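Inspection log for the structure reproduced underneath, given as structure tokens.
Each reported figure results from applying straightforward, stated rules to the coordinates on display, with no laboratory input. Just so it is clear, the model here is predicted, and its values are computed rather than measured. Cβ atoms come from the backbone with ideal geometry, glycine included; neighbour counts cover every protein chain shown.
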Amino acid sequence: MSVLKKPIVTEKVSALNEKGKYGFVVDNKANKVEIKKAVEKMYGVTVEDVNTMRYAGKNKSRFTKSKVVQGSTNSFKKAIITVAEGDIIDFYSGI
């Protein structure tokens, strides 16, 4: 089971990066201790704080020529990681 699914790269989270906070989409069953260990192992930084939040999936409908297609988006869990002073995570190093 991979705890970290992908980093969140949005304007709002990029503004938090200057303060030493980084966002990740994580596994729904992962707890704060598992998330902290995964970030420290993967990026080699010291994690001071982990804040998590769950997002419920939303119902969506789309009108096509023949019928109305209904579905929903996936629910997910997001984690905001605060790293120690002086540590940084570079998401763009592999590009």
Enumerate the strands (runs of 3 or more DSSP E) found wholly within the stretch 1-87, keeping only those where 1 or more residues are surrounded by 11 or more Cβ atoms within 10 Å (Cβ to Cβ) and at negative phi. 4-7, 21-26, 47-55, 68-72, 76-83
Any residue at all in the stretch 3-14 that's more than 13 Å from the chain's Cα centre (by Cα) and over 13 Å from VAL83 (Cα atoms)? yes
